[in-house]
Amino acid sequence: MKRIRHYLSRLKSLDVRNMLVVASAVSALSGKPRWVILVDMVVCSVVYQAGYLDYQEFEFWSLSSRERRTWITSGNANAIVIKYNQRSFREQFIDKLTFNRLFDPYLGRAWLDVRTTSTAELQQFVMHHGSVMAKRLDGMGGAGIRKYLANDTVDFDDLRSQLLTDEQFLVEAFITQHPAMAALCPTSVNSLRMITFFDGTNVHVMEAVLRLGNGADVDNYARGGMYTVIDEKTGIAPYGAFDKDAHTFTTHPLTGVSIVGFRVPLFDEVLALLDTVARIVPQIAYVGWDVAIANDHPVIIEGNYNTGVFQMKPSLTGNKIGLLPRFREVIDF
């Protein structure tokens, strides 16, 4: 029944126009008629709980039915969330200010609530830090985030009024990232999405993802960024990255830094940090942590109780087997 309700809720919010656009893009890439792709998308949504974006991102048109059963889809991820992330505790991750208060020792940056801050305090904060990020409390996928520079701000009364109007209540000091991470793309903080599962005793790192900006202020996939899966024990990227338009990159297009073979600095410290923070709210057992690498230590950006799915395209790896079998070794869902 939960699976049916989830399917119906997704069907109700289906963006048909975008689905047609995606189907056309897949058709051009695969050489199959669009109507064939659309029918296959519907079949995959029922049989494998794969949304049409899953279908595109994980190249389902190129997989056999046996291979498709090995891929984690949005429906699979939702099943984990429903079973292991208690509804009454989710607000601690949904509301960014609530999250910041709870995980403040691990954020490694200053922040403030615009609603309880005077104009003078806001001005002092911005001028002291030089650059800040303003965020909506419920923003997802990089939406509702904007960078402000002290040198560009003249009227702080206007700034505070604008932040309140736009409901960007959270203002944070900008993270100065490790030089090796900045070398990848200096315009954004290039973060990790680390997916963990806490079984009550041990913290399991289920997946490690390196996210790269591509000229924007944020590195989010939905905002023009790209990602690649890295080894969850070593932090090394064995493959190139890809963006939402299916462009693939072995080197970063802006900086020329090699993505293949890139080693995330301070990765052992990242794993130690995750082992600590994943135990703080045990009622939310399955979390996608956004982690930045500062100059000499990793910091938590935020935690996502309903983390998205990250898997490498078969065309990039030559491997058509997904991560579902590995997840099932640890998580019963």
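Laid out as a table, the results:
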{"read-out": "Alpha carbon convex hull of the stretch 2-83, projected area averaged over orientations, nm²", "value": "5.2"}
{"read-out": "Charge-dipole axis of the chain as Lys and Arg at +1 and Asp and Glu at -1 on Cβ define it, positive-most pick from 106, 119, 281", "value": "281"}
{"read-out": "The stretch 183-309: Rg to Rh, with Rh as the Kirkwood radius over Cα pairs", "value": "0.96"}
{"read-out": "Ratio of the Cα radius of gyration of the chain to 2.2 N^0.38 Å, where N counts its residues", "value": "1.02"}
{"read-out": "Sites residue 35 and residue 295 - FRET efficiency at Förster radius 56 Å, r taken between beta-carbons, to 0.05", "value": "0.55"}
{"read-out": "Hydrodynamic radius (Kirkwood) for the stretch 110-173, which is based on Cα pairs only, to one decimal in Å", "value": "11.5"}
{"read-out": "Computed label-point distance, nm, for sites residue 236 and residue 25 using a 7 Å Cα→Cβ extension", "value": "3.2"}
{"read-out": "Spatially proximal aspartates and glutamates relative to residue 96 (Cα-Cα < 15 Å; intrachain offsets below 8 disregarded)", "value": "104, 113, 138, 167, 172, 290, 302"}
{"read-out": "Rg/Rh for the stretch 288-333, where both radii come from Cα atoms and Rh is the Kirkwood radius", "value": "1.10"}
{"read-out": "Near-label residues of the stretch 26-46 by backbone N, under 19 Å of a point 7 Å along Cα→Cβ of residue 9", "value": "45-46"}
{"read-out": "Chain lengthening between residue 94 and residue 201 when straightened (0.36 nm per residue, less Cα-Cα)", "value": "36.0 nm"}
{"read-out": "Pairs beyond 29 Å (Cα-Cα), from 147/233; 12/147; 244/320; 12/244; 135/244; 135/233", "value": "147/233; 12/147; 135/233"}
{"read-out": "Computed E for residue 250/residue 183 - FRET, C-beta separation, R0 22 angstrom, nearest 0.05", "value": "0.90"}
{"read-out": "Farthest toward positive dipole pole in the stretch 2-83 [+1 Lys/Arg, -1 Asp/Glu at C-beta], among 60, 29, 76", "value": "76"}
{"read-out": "Pair residue 216, residue 16: separation of 7 Å Cα→Cβ label points (nm)", "value": "2.8"}
{"read-out": "Whichever lysines have a C-alpha closer than 17 Å to that of residue 83, once near sequence neighbours (fewer than 8 apart) are set aside", "value": "2"}
{"read-out": "Kirkwood Rh in Å, taken over all unlike Cα pairs in the stretch 1-153", "value": "19.2"}
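Values quoted throughout were computed directly from the atomic coordinates according to the rules given, and no laboratory measurement underlies them. Predicted model only: the values in this text are computed from it and were never measured. Glycine gets a Cβ as well: all are built from the backbone with ideal geometry, and neighbour counts include every protein chain shown.
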